[in-house]
1. Does residue 317 satisfy being among the acidic types (Asp, Glu), more than 23 Å from residue 447 (Cα to Cα) and in contact (Cβ under 8 Å) with a residue 60 or more places away in the chain?
2. What pairs come up if the first residue lies in the stretch 248-264 and is modelled with pLDDT of 80 or more, the second is in a loop (DSSP other than H, G, I, E, B), and their beta carbons are under 7 Å apart, counting only those six or more places apart or on different chains?
3. Looking at the stretch 143-172 only, could you name the residues that are within 23 Å of residue 415 (Cα to Cα) and either surrounded by fewer than 23 Cβ atoms within 10 Å (Cβ to Cβ) or not hydrophobic (A, V, I, L, M, F, W, C) (or both)?
4. Taking the options 102, 95, name whichever one is at pLDDT below 85, touching an Asp or Glu at 6+ places or on another chain (Cβ under 8 Å) and not in a helix (DSSP H, G or I).
5. Please go through (1) in contact (Cβ under 8 Å) with a residue 60 or more places away in the chain; (2) part of a helix (DSSP H, G or I); (3) more than 21 Å from residue 316 (Cβ to Cβ) for residue 136 and return the number of the only condition it doesn't satisfy.
6. Taking into account only those residues within the stretch 443-473 that are at pLDDT 90 or above and among the basic types (Lys, Arg), which is farthest from residue 123 (Cα to Cα)?
7. Evaluate the following for residue 385: is it in a loop (DSSP other than H, G, I, E, B), open to solvent by 30 Å² or more (accessible area, probe 1.4 Å) and in contact with a Lys or Arg (Cβ under 6 Å, 6 or more places away or on another chain)?
Amino acid sequence: MSGLFGFGRNQGNRVPDGPGAQAGPAAGPVGAAAAAGVSLLRSGRTRTMTQERLARARETLTKYKDGKTALENRLIEEEQWYRLRHWEYLRRKKEKDARTPEPTSAWLFDSIAQKHADAMDNFPVPAVLPREESDRQSAQLLSDILPVVLERADFEQVYNDNWWEKLKHGTAVYGVFWDSDEENGLGDVVVRDIDLLNIFWEPGKRDIQASRNLFIVSLVDKDLLAEEYPRAKGSMDSQVITVSEYIHDENIDTASKALVVDWYYKVKSPSGRTILHYCKFVGDTVLEATEDDPEYRETGLYDHGLYPVVFDVLFPDKDSPAGFGYIAVAKDPQLYIDKLSGAVLQNALMCSKPRFFRSAQTGVNMEQFCDWNQDIVDVEGSSLDETRLRQIEVQQVPGNVLDVLQLKINELKETTANRDYNAGGTTSGVTAAAAIAALQEAGNKTSRDSISGSYRAYRKIDSMVVELMRQFYDVERSFRIVGPNGGERFERFSNADIRDQELPPAVPGGETMEGYVPMFRRPVFDYDIRAQKRSPFSQMAQNEMAKEFYSLGFFNPERAQESMAALQMMDFDGHDQVMQQVQQGQTLLNMLTQATMELNMLRAVLGQRTGTVSAQAGSSAAPSSGGGTGRGIGAEALAAQTAHGADTTPYGQVLMEQSRPDMSRTSGVAVK
């Protein structure tokens, strides 16, 4: 099967047909028919997707569109505010008065830009966790591979674009699809951003998965559509609905495009399993339908049975999967900031250009008077006073107006949590870098909250990606993994270890018994989301904490016990690594202490032996002093060493020979 939205070359979601893209559960006659290339759409056999069902689907789409009218109007208006074109929207059809300034200050835009920067400073990265010990190796491999799959899908760009949508309109929509055209026909996961104007759901449902139907529409060039689906030629001019459009600067021609609808719906199988089906149509012509394809009729489009979309909401709205963003919250103070700024600017312009009252009998040459290039102005009569020509006095803007303007600016900063120190500025009396970093970290709690919401959505995206890998990664493929230190390694991965695995029978030989039903186990994973990139301010706070730990002696091995007690009560990024370092320091200290004790024991034993040898040498040398054998102290010591080394190894004897002292010398002077 082939498709356009979400599939292949255009936008993202395609029913798999490439190598390695066979649905896992499709076995038996259905799978055999699919492998043989039997397609009901192409063979002309009886279809499940009848014209009556398609007509009901079009009616449902129209109802969903009508229920979303207020939201679409708000989206179009907010887009004008974001582009600083709100005066055009406020004027509606009124002509612009050239005498009235219409300033467009960017306080609201700056707040959105600052929040977007915070989000991209904390780009997420997943860690896959197993629920069973036997899946630990697969989870570790998925932790390394999943970021690579998302990088190939250009997810960072999608994440960047959707964060603008989340901040502006309060809702970002991700589409997670399987594209069988990727990887030269092998197929791979793709993630797309979906415009809220192009997606429709059942009104009154807060959870998008609870909607009975989901529609995603797109405009496709008619010639391209006719090339891929020749049967669609007669239906291209039939518009099911009229899609709302943003106000653009450029003229966008939609006359040469056809409205293609991707319809997702859920049904229950006889066993109670939720099956996700899919139908693509234009006008009254069905282009693709999973219920009409034997390969997908029983299993549905995706095995996970979920709508392949994830909503990331900033401020939730009641009974709707969509929320509202910062423009809806702060456009009112932004409006009055611009209105008051316009009044101030108009007053400044009036003050900068003097105007005069002139009497009809003033006798002044007004042409010369109004021409500032004329050095001399002719006057009739002998006198010229204020009764004949007087300047119009313009009062300056009262101070309370400027105070209100500043209050509105502060209100916008407070309601959007975009205070001066969030943007790198400082308040009076705060100059220390650590203090500024602490203020920034404390002021970023609203950003952290919205980022946490995106992490929850990202967790759902990761789960869908893994489920698609579980379903379609039949063919082993290679991945390059870059380690934390820049080292590279290559891993090969397929769905063999994460697909449903048959359990051994409870009784040996039970598989041969009549009525035996095999049991399957599916590896299940959890996802821990952390920030891949850290903002400079977070790094500064982390560095300050590390220096404080060092100054307090946390890394002193002799104080490891009390340091461990303090660290166990703390919670910060890298907590486990710090605990491990302290434990390693304590272990090394214990090893060094043990080695020192053993060395001291060896020294004591060696000292005892050396003392015994010396005592023997002294007792042997005593008679010779009275004229005995005539052997000196050196000879007695040599004899003692020889006797002691008689039972040593040859290597030990060589060492003893090399270490034998020269007793014939004392203080460098030979004894005669």
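The values are calculated or read from the model by the stated rules, or taken from the named source; none is laboratory data. Given the structure is predicted, the values throughout are model-derived calculations rather than measurements. Here Cβ is always computed from backbone atoms with ideal geometry, including for glycine, and neighbour counts include all displayed protein chains. When the accessible area is computed, the model is the full protein with side chains, heavy atoms only, and any ligands, DNA or RNA have been set aside. Shrake-Rupley method; radii C 1.70, N 1.55, O 1.52, S 1.80 Å.
1. In short, no.
2. Pairs that qualify, where the first residue is modelled with pLDDT of 80 or more and the partner is in a loop (DSSP other than H, G, I, E, B), are 258/236; 259/239; 259/240; 259/243; 260/4; 261/240; 264/307.
3. 162, 164, 165, 166, 168, 169, 170, 171
4. The unique qualifying residue is 102.
5. Going through the list (1) in contact (Cβ under 8 Å) with a residue 60 or more places away in the chain; (2) part of a helix (DSSP H, G or I); (3) more than 21 Å from residue 316 (Cβ to Cβ), residue 136 breaks only (1).
6. Among residues in the stretch 443-473 that are at pLDDT 90 or above and among the basic types (Lys, Arg), the one farthest from residue 123 (Cα to Cα) is 470.
7. Considered against the rule, which asks whether it is in a loop (DSSP other than H, G, I, E, B), open to solvent by 30 Å² or more (accessible area, probe 1.4 Å) and in contact with a Lys or Arg (Cβ under 6 Å, 6 or more places away or on another chain), residue 385 comes out as no.
Conditions tested, residue by residue: (1) at pLDDT 90 or above; (2) open to solvent by 10 Å² or more (accessible area, probe 1.4 Å); (3) over 26 Å from the mean Cα position of the chain (by Cα).
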{"residue": "282", "(1), (2), (3)": "yes, no, yes"}
{"residue": "288", "(1), (2), (3)": "yes, no, yes"}
{"residue": "291", "(1), (2), (3)": "yes, yes, yes"}
{"residue": "308", "(1), (2), (3)": "yes, no, no"}
{"residue": "314", "(1), (2), (3)": "yes, yes, no"}
{"residue": "317", "(1), (2), (3)": "yes, yes, no"}
